[in-house]
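Student: Structure provided below as structure tokens; questions to follow.
The values are calculated or read from the model by the stated rules, or taken from the named source; none is laboratory data. These figures come from a predicted structure and were not determined experimentally. Quick reminder, even Gly has a Cβ in these numbers, built from the backbone with ideal geometry, and neighbours come from all protein chains shown. We work out accessible area using only protein heavy atoms, side chains counted, and drop any ligands, DNA or RNA first. Shrake-Rupley method; radii C 1.70, N 1.55, O 1.52, S 1.80 Å.
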Amino acid sequence: MAHWCVLYNSPEVDPYREIHKTLLEGDNTIDIAKRQRKEFPQWFKGHMNELWNQGSPEATDELWSLANGPDALIDTYSGCISNGVQFHTIEHDNRHTSQNSGVLMVGEHEQQTIDFYGFLTKVWELSYLFNHRVVLFQCEWYNTGSSRTMRVDAHCKSIDTSTRWYKDDSFVLPSQVQQVFYIKDTKFGENWKVVE
């Protein structure tokens, strides 16, 4: 899943995802997105290796290394600095008085753009060939898809932190998230937090 996140969010790979999607559309596939998620990494690897063997300038070192996947050994960390912002995992936050694990990402849910709120659980660093490295955040997302789990009024936004969703889609690039902070919501009870 971590490698799929890298392939899905790398702008250099966008044209190849579009080519692959066009190939799948010719098969009258009902769920193209699901099928592409499953088949694209292998197709991309085969396509890049073919271009690489032909000596094509299209197969750059970076694309070829991405296509062939990361090394088996992955480094993990409890925090990092991204775009001048210090992030820590929830485990780190639980042992300290400061809070740096809250994250917000804008994404799509059921063809609507929404805010995903959650927290950072682990920082991964994937190593590829040619010393190419990619940092990923592994997050847990609160279920913010209904009025039962997120309440918004004129002054604040409250989230039920006892619920989770998108468990199979937990990886994001650090550039995709903003840092947020959660405080106890005294109005709705123990499982609710106000997000700032």
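Student: Could you tell me which label, among [x] 19.4, 65; [y] 27.4, 103; [z] 16.0, 48, carries the value of Rg and Dmax of the Cα atoms in Å calculated for this structure?
Tutor: Only one listed value fits the structure, namely [x].
Student: Rounded, prolate or oblate: which one fits region 35-100, using the alpha carbon gyration tensor with axes a ≥ b ≥ c (rounded when a/c is under 1.5, else prolate when a/b beats b/c, else oblate)?
Tutor: Details: a/c = 3.62, a/b = 2.70, b/c = 1.34.
In terms of gyration-tensor shape, prolate.
Student: So, one more: Over region 98-188, what is the relative contact order in percent, taking alpha-carbon pairs closer than 8 angstrom and at least six residues apart? Could you put the intermediate results ahead of the total?
Tutor: Values: 150 pairs, mean separation 28.0, N = 91.
The value is 31 percent.
Student: With +1 on each Lys and Arg Cβ and -1 on each Asp and Glu Cβ, how big is the dipole of region 104-196 about its Cα centre, in debye rounded to the nearest 20?
Tutor: Working: 10 positive and 12 negative charges, 43 e Å.
Charge dipole, region 104-196, about its Cα centre: 200 debye, nearest 20.
Student: Across the chain, how many lysine pairs, 8 or more positions apart or on different chains, have C-alpha atoms separated by under 30 Å? Please give the number.
Tutor: The result is 23.
Student: Sticking with this one: Carbon and sulfur together cover what percent of the accessible area of the chain at a 1.4 Å probe radius?
Tutor: Details: 5620 of 11640 Å².
The nonpolar share, carbon plus sulfur, comes to 48 percent.
Student: Work out how much length Thr186 to Ser98 would gain on full extension: take 0.36 nm times their residue separation and subtract the Cα-Cα distance, in nm to one decimal.
Tutor: Working: separation 88, 0.36 × 88 = 31.68 nm, distance 2.02 nm.
Stretched fully, the Thr186-Ser98 segment lengthens by 29.7 nm.
Student: Going by accessible area, probe 1.4 Å, with all protein chains left in place, what is the ranking of Arg133, Arg151, largest first? Mind showing how you got there, number by number?
Tutor: On the way: Arg133 120, Arg151 90 Å².
The ranking, largest first, comes out as Arg133, Arg151.
Student: Is region 56-130 best put as rounded, prolate or oblate by its Cα gyration tensor, with a ≥ b ≥ c the root eigenvalues, rounded for a/c under 1.5, and otherwise prolate when a/b is larger than b/c, oblate when not? Before the final figure, lay out the partial values.
Tutor: On the way: a/c = 2.80, a/b = 1.47, b/c = 1.90.
Here region 56-130 falls in the oblate category.
Student: Can you give the extra length, in nm with one decimal, that the chain gains between Lys167 and Ser147 once fully stretched, where that is 0.36 nm per residue apart less the Cα-Cα distance?
Tutor: Values: separation 20, 0.36 × 20 = 7.20 nm, distance 2.01 nm.
The Lys167-Ser147 span can extend by a further 5.2 nm.
Student: Rounded if a/c is under 1.5, else prolate if a/b is larger than b/c, else oblate: which is region 91-161, with a ≥ b ≥ c the root eigenvalues of its Cα gyration tensor?
Tutor: On the way: a/c = 3.24, a/b = 1.55, b/c = 2.09.
Cα axes put region 91-161 in the oblate bin.
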